[in-house]
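Readers should treat all values here as calculations from the given coordinates under stated rules, not as data from a laboratory. Since this is a predicted model, take the numbers as computed values, not measurements. Don't worry about glycine lacking a Cβ; one is built from the backbone with ideal geometry, like all the others, and counts go over all protein chains shown.
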Amino acid sequence: MENSRPLDALNKARNKRILIELKNGRQFVGTLVAFDIHINTVLDDAEERVDGEVKRQMGTVFIRGDAITIMSPQ
Amino acid sequence: MENSRPLDALNKARNKRILIELKNGRQFVGTLVAFDIHINTVLDDAEERVDGEVKRQMGTVFIRGDAITIMSPQ
Amino acid sequence: MENSRPLDALNKARNKRILIELKNGRQFVGTLVAFDIHINTVLDDAEERVDGEVKRQMGTVFIRGDAITIMSPQ
Amino acid sequence: MENSRPLDALNKARNKRILIELKNGRQFVGTLVAFDIHINTVLDDAEERVDGEVKRQMGTVFIRGDAITIMSPQ
Amino acid sequence: MENSRPLDALNKARNKRILIELKNGRQFVGTLVAFDIHINTVLDDAEERVDGEVKRQMGTVFIRGDAITIMSPQ
Amino acid sequence: MENSRPLDALNKARNKRILIELKNGRQFVGTLVAFDIHINTVLDDAEERVDGEVKRQMGTVFIRGDAITIMSPQ
Amino acid sequence: MENSRPLDALNKARNKRILIELKNGRQFVGTLVAFDIHINTVLDDAEERVDGEVKRQMGTVFIRGDAITIMSPQ
């Protein structure tokens with residue numbers, strides 16, 4: 001069995017909707033456009049959510065990798 | 001006696017259920033799919049738990065390594 | 001399909017208005033003048049905002065990259 | 001007198017019971033199986049303790065090095 | 001159009017008054033004497049301010065770069 | 001005058017009692033056995049102190065360098 | 001005009017009294033004996049101060065660089 005690498009999972013999620021949660025507790029959902037080895041990430045058509053509700057529409061959002069805890073394809 | 005390395009323990013847990021706890025106190029349980037030297041980790045069939053109860057089903061979850069405190073095969 | 005990199009999104013935002021949010025919860029909006037791989041960033045004609053209101057006009061602002069959580073072109 | 005290095009003390013504790021305390025205040029006791037230069041550590045037969053009482057039995061636990069404050073052989 | 005780098009903005013502010021804000025919320029204003037790539041910075045004729053009022057006169061102040069959030073020429 | 005280096009002060013304290021204070025406010029006193037460039041440190045005959053009182057006797061203690069704020073020979 | 005570097009200011013303060021403030025809000029004043037590029041620092045004849053009052057006399061104090069926010073020659 002071939003071992004997969006963590007960034008493979010993010011590569012599969014490119015151009016798909018993904019949930020990102022930050023260390024400060026904030027949640028963003030958007031289309032995954034780009035990421036790098038630091039997990040710096042860009043979402044398009046992004047929205048911030050609070051308790052499952054859309055708080056604001058944000059268009060393109062660049063997220064600094066070290067602010068992120070988890071990412072989960074939707 | 002041959003000295004083992006910490007990542008050996010994670011390698012043995014591949015494709016098995018594992019508990020991951022984060023610095024912000026959150027708990028995830030899922031099937032360990034991938035990890036790297038930064039401990040960036042991917043779980044499949046993941047769920048978030050609060051006080052032992054399932055809070056949400058999450059499918060695939062990428063966890064940034066520096067957010068993690070402990071991991072324990074279930 | 002060619003994979004884009006996160007800093008491409010910031011390059012496209014050069015000389016345009018951008019919102020930057022910090023780990024301590026503060027918000028700045030200004031014209032993106034410069035950034036580097038650490039995400040150290042310089043804004044011109046910057047203002048700090050609180051709850052959507054301008055709190056202070058700041059002219060040029062240098063922001064240390066590791067203080068930043070997100071950036072979003074306006 | 002020959003100067004010893006900090007990891008020598010951990011090497012002497014291999015296969016022995018050791019107490020590990022984390023930055024978030026949690027305590028684990030287990031058999032030291034492995035560690036690396038980042039102080040990523042693996043315990044076997046681990047238990048979490050609160051105020052000296054066993055809170056949960058955990059089997060194998062991988063602890064990310066940067067979450068650790070102190071380790072003390074028991 | 002030639003892309004500028006973030007430290008160019010700090011170079012232009014050498015020998016001028018600059019405001020520096022720290023992660024712990026403190027504010028210093030002084031003459032920018034020196035900085036390096038870590039953003040370690042030295043101010044002369046520095047004062048600490050609280051709510052716009054001078055709290056203490058400090059002469060020369062060395063500020064460790066990783067304590068800084070923003071810098072803004074006055 | 002020859003410039004000394006910070007680790008020289010720790011070298012002089014080898015095999016002597018030293019006080020170590022951590023970022024989380026805890027205090028340990030013990031015999032300095034070993035340290036490295038990360039300031040990972042090992043104490044023997046260590047005790048944890050609270051408000052100057054011995055809270056617990058700990059034998060050997062390994063302290064991860066990045067948890068430390070200050071060290072002071074006793 | 002020749003550009004100075006931040007550590008030049010610390011070099012000038014060698015063997016003089018200097019105030020050091022830490023991220024956890026504590027203040028130390030002592031004679032600057034040594035520092036390195038991480039800003040690991042050693043003070044002699046050091047004292048901890050709280051609200052301008054001497055809280056304790058400490059002799060030699062090694063301060064881990066990443067615990068420091070500012071240093072100011074007295």
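A few notes on this one:
- Most fluctuating residue given options D:18, D:37, D:63, as computed from a GNM of chain D linking Cα atoms under 10 Å: D:37
- Over the protein assembly as shown: helical MRE at 222 nm, DSSP H runs n ≥ 4 each giving -39500 (n - 2.57), nearest 500: -2500 deg cm²/dmol
- Distance from the range C:46-74 to the range F:39-74 (C-alpha centre basis), Å: 42 Å
- Shape analysis of the protein assembly as shown based on the Cα gyration tensor places the equivalent ellipsoid semi-axes at 36, 36, 18 Å, largest first.
- Distance from the D-onto-G rotation axis is smallest for the Cβ of the chain D residue given, in whole Å, as D:66, 8.
- Formal net charge of residues neighbouring residue D:23 (Cβ-Cβ distance under 10 Å; K, R +1; D, E -1): +1
- Other protein chain C-beta atoms within 10 Å of residue C-beta, averaged over C:18-25: 4.
- Estimated from the Cβ-Cβ distance and a Förster radius of 45 angstrom, the FRET efficiency linking residue F:24 and residue C:15 is about 0.50.
- 14 Å Cα-Cα reach of residue D:23 towards aspartates and glutamates, excluding residues that sit fewer than 8 places from it in its own chain: B:21, B:66, D:66, F:21, F:66
- Relative contact order (percent, whole number), chain D, Cα cutoff 8 Å, 6+ residue spacing: 31 percent
- Count Lys and Arg as plus one, Asp and Glu as minus one, and take only other residues whose Cβ is under 9 Å from that of residue B:73; the net charge is then +3.
- Mean shadow area of the range F:9-71, taken as a quarter of the surface of its Cα convex hull (nm²): 3.8 nm²
- Point-to-point label distance, residue E:38-residue F:8, nm (Cα→Cβ direction, 7 Å offset): 2.0 nm
- Rounded to 0.05, the FRET efficiency of the residue C:45 and residue A:54 pair, given R0 = 22 Å and the Cβ-Cβ distance, is 0.15.
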